[in-house]
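Asks: Here you go, one structure.
The values are calculated or read from the model by the stated rules, or taken from the named source; none is laboratory data. Computed from a predicted model, the values in this text were never measured in an experiment. Reconstructed Cβ throughout: ideal geometry from the backbone, glycine too, with neighbour counts over all protein chains shown. Surface accessibility is based on the protein's heavy atoms, side chains included, excluding ligands, DNA and RNA. Shrake-Rupley method; radii C 1.70, N 1.55, O 1.52, S 1.80 Å.
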Amino acid sequence: MLDERVAREVTARYVDPLAQVWLAAARRIGLRVVRTPDAYAATDGRGTLAIGSIETLDADDSLAQMIFHELCHSLVEGEEAFARADWGMDNTGPDHDWREHACLRVQWVLSGRHGLRAVFAPTTDFRAAFWDQLSGDVLADRTERSVVAAITALRRAATPPWAPALDEALAASAQIAGAAAPFGEPGTLWHGVGAIPALHPTGLFAGEGAGCATCAWRYEQRGGSRCRQADAKIDPAWPACERFEAALDCQTCGACCRAAYHSVEVSPRDPVVKKQPTYVVDRTTYLEIVRNGDRCGALDGGHDDGTGHATRYGCVIYDDRPKTCRDFTLGSEHCLTARRRVGLSS
């Protein structure tokens, strides 16, 4: 039979709904997305994100997931990375793996908030080697360099230029995925769509830690339990929120002795003045403990041990430390502030 279709003018083109959401999100955040057969994913440092054309991608790749992944890289590297090609990563250097791991931890947490881990799982070589090994609280090990970078990245996600576009794109993606999931056949990404987790009773995102009863940020006041993270009353029987942390260890932290605070003033009567004079600086109008760059001059440790973890911190004048240091309380509001400033706590 002869084709009797009448030539017509095409006035609108079809765009995959998830792609539409993430193309718009990228544009709002400051990236123009182009497709190319010459790259898998690359940024030029001038506002263009190139994603491989459809014939160059694998069957489980999607434009939405790839844009999301690159935005997670931008969160890890910071806003200044928009001006660097490929976010400043060379894909071969010694820092590449931990930065990729940090990106995937961010991707795990953000996608998990919306039941999208299956739909937005990475498709690079890190899928089997790293992503598929993730489970539970992926931010638990605060001595791991990629964890600290991921925590900092997640805090950035709530600020411009990522907010509110990133969260709105994830919420819209969850709606699309939820509608498609009942029709998803085995072997398709839609078949793996998860339920959107309910928020924690405090209103924070739900977590995968042990629970409020054992969280470092729970404290007792007037016969009841409160949370420093939520600044609210809590029930110790509640499950964990996303900001759960187990018991704090000063020797894996050191936050109050480094970049969190820039001066430790000392009273002239403090024993450290006579017992540790080489660590005391006279500023004419006041005395303070000597600084070594952005950290206390008496602080030892915190160096990369060669495995991506930091060596344990220690104070070389601990027995003679000034009253300011003696009065600093583990798990206090100041402790949380210090940890947030150095990227150890959400």
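Asks: Sequence gap at least 6, Cα distance under 8 Å: using those rules, report the relative contact order of segment 258-343 to the nearest whole percent.
Replies: So the answer I get is 31 percent.
Asks: Still on this structure, I have one more. Among T11, W22, A39, which residue has its Cα furthest toward the positive end of the charge dipole of segment 1-55, with +1 on Lys/Arg Cβ and -1 on Asp/Glu Cβ?
Replies: W22
Asks: Under a Cβ-Cβ cut-off of 13 Å, what is the net charge of the residues other than S263 that fall near it, where Lys and Arg count +1 and Asp and Glu count -1?
Replies: Local net charge: +1.
Asks: Would you mind calculating the relative contact order of the chain from Cα pairs under 8 angstrom and at least 6 residues apart, reporting the percent as a whole number?
Replies: 13 percent
Asks: Per residue of segment 39-53, what does 6.51 cos²θ - 1.76 cosθ + 1.60 with θ = phi - 60° give for ³J(HN,Hα)? Whole Hz please, x for Gly and Pro, Karplus curve as stated.
Replies: Once θ is set to phi - 60°, the couplings for segment 39-53 become 8, 7, 7, 7, 10, 9, x, 10, x, 10, 10, 9, 10, x, 5 Hz.
Asks: Only helical DSSP H runs with n ≥ 4 go in: add -39500 (n - 2.57) per run for the chain, normalise by residue count and round the 222 nm mean residue ellipticity to 500 deg cm²/dmol.
Replies: Taking each H run of at least 4 residues, the total per residue is -8000 deg cm²/dmol.
Asks: Can you spot the lysines whose alpha carbon is less than 29 Å from K323's alpha carbon? Ignore those fewer than 8 places along the same chain.
Replies: Partners within reach: K274, K275.
Asks: Something else about it: For helix 63-77, what angle does its Cα long axis make with the longest principal axis of the chain, in degrees from 0 to 90 and rounded to 10?
Replies: 20 degrees
Asks: Also, quick follow-up: Measure off, as a whole percent, the carbon and sulfur share of the 1.4 Å-probe accessible area of segment 20-77, all protein chains present.
Replies: With neighbouring chains kept in place, the figure for segment 20-77 is 51 percent.
Asks: Rounded to the nearest 20 debye, what is the charge dipole size of the chain about its Cα centre when +1 sits on each Lys and Arg Cβ and -1 on each Asp and Glu Cβ?
Replies: Approximately 1540 debye in magnitude.
Asks: Further question on the same structure: Could you order peptides 139-152, 311-324, 108-121 by the average number of other Cβ atoms within 10 Å of their residues, highest first?
Replies: Order by mean packing, descending: 108-121, 139-152, 311-324.
Asks: Using +1 at the C-beta of Lys and Arg and -1 at the C-beta of Asp and Glu, which of F130, P94, I54 has the Cα lying farthest in the positive direction of the dipole of segment 21-138?
Replies: Highest projection toward the positive end goes to I54.
Asks: Sticking with this structure for a sec: Summing +1 for each Lys or Arg and -1 for each Asp or Glu, what net charge is found among the other residues whose Cβ lies under 12 Å from the Cβ of P277?
Replies: With Lys, Arg at +1 and Asp, Glu at -1, the neighbours total -1.
Asks: Please state the charge dipole magnitude for segment 1-132, taken about the Cα centre, from unit charges on C-beta atoms (+1 on K and R, -1 on D and E), reported in debye and rounded to the nearest 20.
Replies: With only Lys, Arg, Asp and Glu charged at Cβ, the dipole is about 620 debye.
Asks: Quantify, in whole percent, the carbon and sulfur part of the accessible surface of segment 98-200 (1.4 Å probe; protein heavy atoms only).
Replies: Carbon and sulfur: 58 percent of the exposed surface of segment 98-200.
Asks: In degrees, nearest 10, range 0 to 90: what is the angle between the Cα axis of helix 96-112 and the longest Cα principal axis of the chain?
Replies: The helix 96-112 is inclined about 70 degrees to the chain.
Asks: Continuing with the same structure: What is the packing order of peptides 128-137, 77-86, taking the mean over residues of other C-beta atoms within 10 Å and listing the highest first?
Replies: Descending packing order for the listed peptides: 77-86, 128-137.
Asks: In segment 104-122, which residues have a backbone nitrogen under 18 Å from the label point lying 7 Å from T188's Cα in the Cα-to-Cβ direction?
Replies: 116-121
Asks: What order do you get for 43-51, 268-276 when each peptide is scored by the mean count of other beta carbon atoms within 10 Å, highest first?
Replies: 43-51, 268-276
Asks: Quote the charge dipole size of segment 232-281 about the Cα centre in Debye, to the nearest 20; the model charges only the Cβ of Lys and Arg (+1) and of Asp and Glu (-1).
Replies: 320 debye
Asks: Enter the accessible area per residue of the chain (Å², integer; probe 1.4 Å; all protein chains in place).
Replies: Per-residue accessible area for the chain comes out at 54 Å².
Asks: First select every other residue whose beta carbon is under 11 angstrom from the beta carbon of R228; then total the charges, Lys and Arg +1, Asp and Glu -1.
Replies: Once all neighbours under 11 Å are counted, the net charge is +2.
Asks: Report, to the nearest 10°, how far helix 165-180 tilts away from the longest principal axis of the Cα atoms in the chain, using its own Cα long axis and a range of 0 to 90°.
Replies: The two axes meet at around 50 degrees.
Asks: Additional query: Along the charge dipole of the chain, which of A83, W162, T324 sits closest to the positive end, that is, farthest toward it, with unit charges on the beta carbon of Lys, Arg, Asp and Glu (+1, +1, -1, -1)?
Replies: Sorting the options by dipole projection puts first T324.
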